[in-house]
Amino acid sequence: QVQLVEFGGGLVQAGDSLRLSCTASGRSGSTYAMGWFRQAPGKERDFVASITWSGITSYTDSLKGRFTISRDNAKNTVYLQMNSLKPEDTAVYYCAADPSGSHRYPVNYKYWGQGTQVTVSS
């Protein structure tokens with residue numbers, strides 16, 4: 001079993017930056033591919049980015065250049081650096097681990113964090 005805990009959400013203004021972190025604990029947390037998703041009120045949970053254990057990254061096209069995913073395997077932690085935030089980035093952000101198949105679909109992930117709220121004011 002792997003437990004995921006997200007940190008770093010909050011209320012920011014448009015144009016600000018924010019860094020989310022997700023720490024994994026439990027069995028072999030650092031060896032899994034991990035992903036970030038977000039879910040706005042009334043909408044589906046959308047793929048943001050993913051990273052393999054070796055550091056290969058993937059992003060949803062609309063967020064490339066503004067968001068950066070990284071990981072520190074020694075700390076069992078994955079990060080999401082979010083720059084130039086916009087009001088439409090407002091959502092609950094979730095980290096997930098151990099996908100089977102495509103990293104872009106939430107149904108493929110075995111473990112989930114509880115989510116952290118990011119609110120961007122205009």
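The values are calculated or read from the model by the stated rules, or taken from the named source; none is laboratory data. A quick note: this is a predicted structure, and the numbers were derived from the prediction, not measured. We work out accessible area using only protein heavy atoms, side chains counted, and drop any ligands, DNA or RNA first. Shrake-Rupley method; radii C 1.70, N 1.55, O 1.52, S 1.80 Å.
Annotations for the structure displayed:
- The chain, accessible surface, carbon-and-sulfur percent (1.4 angstrom probe): 49 percent
- Rounded to whole Å, sorted largest first: equivalent-ellipsoid semi-axes of the chain, Cα gyration tensor: 22, 14, 13
- Residue-normalised accessible area of region 45-102, given per residue in Å² at a 1.4 Å probe: 45 Å²
- Centroid-to-centroid separation of region 40-65 and region 69-122 [C-alpha atoms, Å]: 7 Å
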